1. Over what distance in Å are the Cα centres of the stretch 71-110 and the stretch 33-52 separated?
2. Taking 0.36 nm per residue of sequence separation and subtracting the Cα-Cα distance, how much length would be gained by fully extending the chain between ASN46 and SER388, in nm to one decimal?
3. Taking 0.36 nm per intervening residue step and subtracting the Cα-Cα distance, what contour gain separates TYR314 from TYR146 on full extension?
4. Distance between the C-alpha centers of the stretch 218-259 and the stretch 326-403? Whole Å please.
5. Quickly work out the HIS60-to-THR81 label distance, labels modelled 7 Å from Cα along the C-beta direction, and quote it in nm with one decimal.
6. With r as the distance between the Cβ atoms of LYS258 and GLN37 and R0 = 41 Å, compute the FRET efficiency 1/(1 + (r/R0)^6) and round to 0.05.
7. Report, by chain and number, residues whose modeled amide H sits under 5 Å from the one on MET120, excluding near sequence neighbours (fewer than 5 apart, same chain).
8. Order by neighbour count: ARG247, ARG203, ARG293, fewest other Cβ atoms within 10 Å first, most last.
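All of the numbers you see were taken from the coordinates with simple rules; none came from a lab. Just so it is clear, the model here is predicted, and its values are computed rather than measured. Here the Cβ positions follow ideal geometry from the backbone for every residue, glycine too, while neighbour counts run over all protein chains shown.
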Amino acid sequence: MSRLTLFFSCLFLFIGSYSTNAQVEKQKQFLTHIGVQDSIYSKVLNEYRTLYIQVPADYHPERGKKYPVAYLIDGEVFLPTLSDVQKYYSGGFTPEMILIGISNAKHRTRDLTISKVTEMYGMPFTQETGGANNFLDFIATELIPYVETKFPVTNYRTLIGHSYGGLFTIYTFLHKPTLFANYLAIDPSLDWNEQELVSTAKRKLLSNEYTGKSLFMSLSGQLHMQNSKITIDNVMQDTSDFTLFARSNLSFRDTIQKQQPSGLNFNWKFYPNDIHGTVTFPSLMDGLISIFRWYQMENTDKINAFDTSKDELYNIITYREKKLKEHFGYMEPPYPEELLNMSGYMNMDMKQLEKAKMYFELAIAYYPQSANAHDSIADFYEAQGDISNAIKHLQKATELSDNVYYKDRLATLKKK
């Protein structure tokens with residue numbers, strides 16, 4: 001395999017292997033090991049609430065890196081699925097995130113429904129309902145501050161919910177839109193209380209500000225429990241209770257598309273081959289890819305092309321830097337340190353020295369506390385016979401890390 005082919009292959013394989021291989025040593029005793037259990041006492045809810053925390057594969061809090069965070073309703077059920085999606089797609093399609101699974105095993109209907117009802121579809125409904133406002137208060141005033149104190153997270157947040165959790169997600173989107181950047185509502189129960197949120201949306205969407213916000217909604221293919229002739233094309237003409245769930249979802253979608261809230265990134269998807277109980281899996285995958293479409297790498301063909309100039313590569317990298325800052329609201333390195341370093345070494349091998357130096361220098365600029373970044377550029381300078389600059393960067397590496405490797409290498413270089 002030629003060096004150029006190797007470079008091309010590694011760039012695309014890096015994203016998948018980087019996150020997967022890092023977990024192998026940690027999981028020797030487990031086939032699946034997802035989520036560390038935690039809990040928080042809520043004064044708002046007057047109870048303890050169980051949490052399940054999943055950190056990224058390269059999680060090293062001592063490095064000072066901060067992560068976006070996703071809050072998942074029914075975390076005890078759906079965190080393994082969300083973690084699997086992130087394992088395959090984070091890095092290239094979605095950012096690495098800390099995942100917070102909120103348990104709703106107790107008081108689920110109370111916490112996730114938006115108003116009190118005593119009747120559903122003409123039948124008595126005796127469960128406690130209407131606690132969504134309290135549950136949202138718990139998340140906003142207790143859970144988020146707790147997570148931001150205990151974990152290295154940013155204020156860039158995503159909320160994800162299914163069914164009643166999807167109803168709660170839409171409720172939050174309408175009533176507290178600035179709390180999260182992204183909302184992922186999976187088969188949401190928008191039929192609740194005679195389509196209450198559909199009516200609310202017609203008012204709220206006109207008054208709320210949604211610049212920089214994303215909403216992904218899905219609908220499962222279970223449109224009518226008893227009539228297979230009901231399809232996505234004719235369901236809105238049916239007036240029976242059997243289709244109220246689907247019609248509510250479609251009415252909400254149509255309201256958003258008609259009003260076109262300023263700045264909102266909205267996507268909706270129908271899953272004809274899934275039912276309410278299975279639609280979560282494809283919705284998590286498609287939803288995350290949709291709301292983070294802006295995060296995906298661009299111009300990979302030019303990055304991989306041998307004849308792309310250093311200046312053009314630099315412009316591609318700095319464009320991505322500006323794009324990420326615009327969406328996140330804070331500075332975020334455009335590429336992982338490992339990818340910048342790997343690109344530097346590959347360009348060294350291909351005698352593309354200006355490009356190699358650029359990649360090594362960018363690794364230091366974006367990761368100034370990395371001893372490895374300074375060690376890598378020391379390799380570059382040593383290969384060019386510039387021992388003075390190699391020593392300077394190795395000296396910096398020893399200041400940043402007490403790893404004996406850097407000290408030994410520095411001593412060896414000083415003897416040359």
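1. Between the Cα centres of the stretch 71-110 and the stretch 33-52 lies a distance of 14 Å.
2. Separation in residues times 0.36 nm, less the Cα-Cα distance, equals 116.7 nm.
3. Working: separation 168, 0.36 × 168 = 60.48 nm, distance 3.94 nm.
Result: 56.5 nm gained on full extension.
4. 55 Å
5. 3.4 nm
6. Numbers: r = 44 Å, r/R0 = 1.07.
My answer for the efficiency is 0.40.
7. PHE125
8. Final ranking by Cβ density, sparse to dense: ARG203, ARG293, ARG247.
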